[in-house]
Each structure stands twice: as structure tokens, then as C-alpha cells.
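These notes concern the structure reproduced below.
Please treat every number below as a calculation from the coordinates, not as lab data. Because the structure is predicted, anything quoted here is derived from the model rather than measured. Cβ atoms come from the backbone with ideal geometry, glycine included; neighbour counts cover every protein chain shown.
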Amino acid sequence: MHRLDWSDLQFILAVANNGSLAAAARALQVNHSTVQRRISSFEALHDVTVFDRRADGYKLTVEGQQLLEAARQVEQAVWGLERKIAGTDLKLEGTIRLTTTDTMLHMLLVRHLKRFRERYPAIRFEVSTTNSLLSINRREADIAVRPAPAMPDGLYGKKACDFRLFIYASPAFAEANKAVAAGAMDWLAPGETLAGSTPGQWIRRTFPPANLVMTADTMMGLTVAAAEGLGAALLPSYVGDNHPGLVRLDHDTENAGNGVWVITHPDLANAARIHTFMDFICDALRDELDPGA
């Protein structure tokens, strides 16, 4: 019997999780032929058919499904071991994989990353901007800096501060709509991927869909559209107050607020570069967004 190679199982998991060789290749950052070759080699070596090759993609066989369940257990164990090893690292060096939103990166974090690097030049950053919370359990990211009302279950973190959201528009739009009720104005709203966010929920709870002239899947997209005069948008104060093309409208936004959370996995919390950066960025954001705290 041939011994299993964990790297082979990673290719099987990638195809099963992504549904095609091309998508698996993108996820693994290899080419299409490499994935095909590794799957075929595994099947030949272990005399098992893991996937049925169909016109609509690779589909797991019964044997493949059983193998997938076992592979996922191995994957969880490997991730856990990697986190525990990373969590014992006491050196202030290495890479921090950071996930955040595009808005927070552009409007807040970049200048603080620069300050952190000046203090700790042996630490590098890999930054991913996405509206979804990359899986810290799967080590897709080490630290997440995100606006959220609460921290996700099972993770470790700190709330750096709170911030308010207000209504912003271009000066020309504000002048043209100064006598118009908020409910009658043209509105810009977060799209489906942000429907569960605080701005997304507030807009849909407050104004009818007929008033929405545009949705976007990023807050930066809404910010640019508002500055161009397309409509009014509910934006974080750290965005709207610092954008030269926007003014704050005098409409009530009671209960429109959020927290900024800095999150990691409990297994990583004791790694020197992780807890040092978390403390640093929490202090920096608190000083900037809530200077009276």
C-alpha cells in the first residue's frame, strides 16, 4: 500500500471545493495541467477513481466522497498544527496576512502600517481587501480588521473603537436637495454582498427601494459615486469627513454606528508579531476615531 501524500489531498480538496480544475488551479496558484496531472497520478498510484470526468466538471465518485471526508479531517488537523506552531513564534519578524475592507485600508490603515513598519522593519504584510471575512481557521488570514457589531464566535480579538455613520453627498447635490426630505432624495446603497452590513441594513430599513438609484459592492464605490453627485450615501465618518468632495447632510442617523474589531485565532494570539500588531493597531485606531476615549 502506498502512503498518502498530504499535498495530493490538497489538490483533491481544491477540485472538490471549487468544482473545476480551472477554479482549483486559481485557488492553489498553479496551472490547470498541474492539477489534472496530480489528480490522475493519485488515482493511478492508489488504484481509485476519485472524480468522474464529465462535460459539466469533475464530480466525486462514492469512493471520492469517502476520501474527501477523511481529507477534510486531515486538513483541519494540519491547520490546527500550523496555528499552534505559529502561535509559539516569539520573534518580531515574518509575514502578517491581514484582511480588511478596501475602505478601511485606503482611509485608515495604510498610514498606520507604515508607522508599524518603521518600528518593526522585519515584519511584512500581505493584505487582502474583501467584504467577506477570510477564514482565520483555515489560515487564509492571520488578522482581520473589520467593522462589525460583534466579534465572530470562536475567534479572539479586541474592539478597537466605535464610529458613527452619517449621510454624505457632493456639495452640488446637497445644495439642490437642501429642501428635500431625506426619504425623497436619490440614494446610493450597499449591494447584496453588503446587505447584512450596518449601512446596508440601515438604508433598507429607512428608505423604500424606489429611492435607490445605485448599489455597489464596496463602500469605496459608494463614496466615489456620492462625490460625483449621483446621490446621497450613508458612510463611515472617517470616510465622509475626510473626503474633499463630500459634505455631511443634516439628517438624523440615530443608531447608525459600528465597532472596529481586530481579530485573530486563539492559537495565534501569543505569536509576538500578531499580538504586537493587534495592540498597535487598536491603539492607533482608537486614538484616531475616538480621541476622547
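Amide H neighbours of Trp261 under 5 Å, at least 5 residues apart or on other chains, H built in the peptide plane: list them.
The list, which skips near neighbours in sequence, is Arg146, Ala148, Ala160.
Roughly speaking, what is the stretch gain from Ala269 to Ser33, that is 0.36 nm per residue apart minus the C-alpha to C-alpha distance, in nm to one decimal? Display every interim value, and only then the final one.
Details: separation 236, 0.36 × 236 = 84.96 nm, distance 3.87 nm.
Computed gain between Ala269 and Ser33 is 81.1 nm.
Report the FRET efficiency, 1/(1 + (r/R0)^6), for Arg204 and Glu228, where r is their Cβ-Cβ distance and R0 is 25 Å, rounded to 0.05.
Working: r = 23 Å, r/R0 = 0.91.
So, using R0 = 25 Å, E works out to roughly 0.65.
Cross-link candidates for Lys114: which lysines have Cα within less than 24 Å, leaving aside residues fewer than 8 places away along the same chain?
Lys91, Lys158, Lys159
Counting other beta carbons within 10 Å of each Cβ, put Ser33, Ser170, Ser128 in order, fewest first.
Values: Ser33 10, Ser170 20, Ser128 14.
Ordered from fewest to most neighbouring Cβ atoms within 10 Å, Ser33, Ser170, Ser128 come out as Ser33, Ser128, Ser170.
Kindly identify the chain as rounded, prolate or oblate by the Cα gyration tensor criterion: order the square roots of the eigenvalues as a ≥ b ≥ c, call it rounded if a/c is under 1.5, otherwise compare a/b with b/c, prolate if a/b is larger, else oblate.
Working: a/c = 2.88, a/b = 1.64, b/c = 1.75.
Oblate.
Based on DSSP H runs of at least 4 residues, each adding -39500 (n - 2.57), what is the mean residue ellipticity at 222 nm of the chain after dividing by all its residues, to the nearest 500 deg cm²/dmol? Don't skip to the answer; put the middle values down first.
Working: 10 runs with 117 residues, N = 293.
It comes out at -12500 deg cm²/dmol, rounded to the nearest 500.
Quick query: amide H of Ala216 versus all other amide H atoms, modeled in the peptide plane; which residues come in under 5 Å with a sequence gap of 5 or more or a different chain?
Hits under the 5 Å cutoff: Ala189, Gly191.
So who's got an amide H within less than 5 Å of the one on Leu60, skipping anything under 5 residues away but keeping other chains? H placed 1.01 Å off N, in plane.
Amide H neighbours of Leu60, under 5 Å, 5+ apart: Asp52.
Defining a contact as two alpha carbons under 8 Å apart and six or more residues distant in sequence, what relative contact order in percent does the chain show? Numbers along the way, then the final one.
Working: 471 pairs, mean separation 64.7, N = 293.
The normalised contact order for the chain reaches 22 percent.
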